1. Pick out the one residue from D114, D119, D106 that is surrounded by 13 or more Cβ atoms within 10 Å (Cβ to Cβ) and without any contact (Cβ under 8 Å) to a residue 60 or more places away in the chain.
2. Hey, does region 49-59 have a residue that's part of a loop (DSSP other than H, G, I, E, B) and buried (at least 16 other Cβ atoms within 10 Å of the Cβ)?
3. Restricting to region 144-185, what's the tally of residues that are among the aromatic types (F, W, Y), at pLDDT 95 or above and surrounded by fewer than 17 Cβ atoms within 10 Å (Cβ to Cβ)?
4. Name the residue that is surrounded by the most Cβ atoms within 10 Å (Cβ to Cβ), counting only residues in region 73-101 that are in contact with a helix residue (DSSP H, G or I) (Cβ under 8 Å, 6 or more places away or on another chain) and not in a strand (DSSP E or B).
5. For K148, only one of the following conditions fails: (1) in contact (Cβ under 8 Å) with a residue 60 or more places away in the chain; (2) more than 18 Å from V53 (Cβ to Cβ); (3) touching a Phe, Trp or Tyr at 6+ places or on another chain (Cβ under 9 Å). What is its number?
6. Out of L85, L45, which single residue is touching a residue at least 12 places away in the same chain (Cβ under 8 Å), over 25 Å from N149 (Cβ atoms) and in contact with a His (Cβ under 8 Å, 6 or more places away or on another chain)?
7. Which strands (runs of 3 or more DSSP E) sit wholly inside region 140-202 and have at least 3 residues that are within 15 Å of the chain's Cα centre (by Cα) and closer than 29 Å to T41 by Cα?
8. Of the conditions (1) touching a helix residue (DSSP H, G or I) at 6+ places or on another chain (Cβ under 9 Å); (2) modelled with pLDDT of 95 or more, C109 clears all except one; give me its number.
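The values are calculated or read from the model by the stated rules, or taken from the named source; none is laboratory data. This one's a predicted model, so the numbers in the text were calculated from it and none came from an experiment. Here Cβ is always computed from backbone atoms with ideal geometry, including for glycine, and neighbour counts include all displayed protein chains.
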Amino acid sequence: MKRILYSVLSIAALAVLVGGATFAYFSDTETSNGNTFTAGTLDLLVDGSNNNVVKFNVTNMRPGNQPKASYLLHNNGTLKGYLDLENISVTNNENSCVEPEVEAGDTTCGTVGDGELQDVVNLRLFIDYGGDGWISTGDKVFYNGKVKNLPSHFELDESMNAGTDLHIVALFDWWSTPNDDLAQGDTFSLDMTFELAQTAAQ
C-alpha cells in the first residue's frame, strides 16, 4: 500500500514539474529609449546686438530741443519672456558756472554732482507699439517727468514671445522754464539696462 502511495505521489510531483515547465502567460513589451531634454533660451538683442548701445550724444542742448531715440528690442531666444528696465541711474555735473548762471542765482558752481540740467529736462519713456517713434493711441507711456526724478527701475512685465520685437522710445523735452539759465553748461548722463526675464515681476 505504501509503495502504491509513493508511486502516486511521485507521478503527481512529476506532473507538476512538467506542467510548470511548459505553461506560459501572454506578454508584450514596448520601449521608451532615447529620451532627451534641451533647455530653452532667453536672448535679448538691442538694435540687433548683444553689446552696449549708445543712443544719445547730445551737445549744445538748449530750451526747445526734443532729442529722441528708439530702442529696437528683439527676443532672439526660444522662450517667452517679460521685459523690464533695470539699473537706471542719472549722473549729473555742474561743470563750471558762466555769468548767466551766477546772475540767475546758481549757488552750486564748481560742485560735482549738483548740475541743474536734470532739473529742467523732461523725459517721456513709452512702448511704441506702432513703431513710428511718436506717442500714438494705444502706446504705453510708463514715465513722464523730470530726469532727476527717474526711479531705479520699471517693472513693465511686457510680454515678448520668442522671435518678436518691441520698440521703446526715450523722448527728452526741454520746455522753457524759469530756471533754464541755471543749467547752462551743465551735463547729465543716463544709464539703464533692458532685462528679459522668464517670469513676470522677476
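1. Sole residue among the options that is surrounded by 13 or more Cβ atoms within 10 Å (Cβ to Cβ) and without any contact (Cβ under 8 Å) to a residue 60 or more places away in the chain: D114.
2. no
3. Initially, region 144-185 is screened for residues among the aromatic types (F, W, Y), giving 154, 172, 174-175.
Restricting the remaining residues to those that are at pLDDT 95 or above gives 154, 172, 174.
From what's left, surrounded by fewer than 17 Cβ atoms within 10 Å (Cβ to Cβ): none.
Residues flagged as among the aromatic types (F, W, Y), at pLDDT 95 or above and surrounded by fewer than 17 Cβ atoms within 10 Å (Cβ to Cβ) within region 144-185 amount to 0.
4. My answer is E101.
5. All conditions pass for K148, except number (1).
6. On inspection, the qualifying residue turns out to be L45.
7. Details: elements: 140-146, 154-160, 165-173, 187-197.
The strands (runs of 3 or more DSSP E) meeting that bar are 154-160, 165-173, 187-197.
8. (2)
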